[in-house]
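To start, the structure itself, in structure tokens.
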Amino acid sequence: MSGRTVSRALRDRFESIRQRELARLGKKLRGLSDAERESLDAITAHVVGALASLPERALSEGEEARALEAIVRLFALDADSFAAR
């Protein structure tokens, strides 16, 4: 399991949560224009990237094995689901 693999799994996890929450809030967001929806999508995608960058930095700052294990456990990443990547 490499840092790159865990990093991708982490971003996938965050993106999945983002998409699920946007879908869940669909009724509340239906009054938005197309431009507003695009802005909301861009803003939330940016937030996901910012959140994911923090643990990704830990992966690149040494002690990678310990950081990998901690990130996998902390964010409940399923090692089996991304082991083949």
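Looking at 59, 40, 54, 32, just one residue is out of contact with any Asp or Glu (no Cβ under 9 Å at 6 or more places or on another chain) and assigned to a loop (DSSP other than H, G, I, E, B), and that residue is 32.
From the list 64, 15, exactly one residue is surrounded by 13 or more Cβ atoms within 10 Å (Cβ to Cβ) and modelled with pLDDT under 85. Which is it?
Of 64, 15, the one residue that is surrounded by 13 or more Cβ atoms within 10 Å (Cβ to Cβ) and modelled with pLDDT under 85 is 64.
Figure legend. Inter-residue proximity from region 1-12: first residues outside any helix (DSSP H, G or I), second residues surrounded by fewer than 16 Cβ atoms within 10 Å (Cβ to Cβ), beta-carbon distance below 7 Å, spacing 6+ or different chains. Indicated pairs: 1/79; 1/83. Within region 13-29, the set of residues being within 19 Å of the chain's Cα centre (by Cα) and in a helix (DSSP H, G or I) comprises 13, 14, 15, 16, 17, 18, 19, 20, 21, 22, 23, 24. So is residue 4 within 21 Å of residue 78 (Cβ to Cβ), of a type in the set (Lys, Arg), touching a helix residue (DSSP H, G or I) at 6+ places or on another chain (Cβ under 8 Å) and at pLDDT below 95 or not? Criteria not met by residue 4.
The values are calculated or read from the model by the stated rules, or taken from the named source; none is laboratory data. Keep in mind that what you see is a predicted model, and the values were worked out from it rather than measured. FYI the Cβ positions are ideal-geometry reconstructions off the backbone, even for glycines, and counts take in every protein chain you see.
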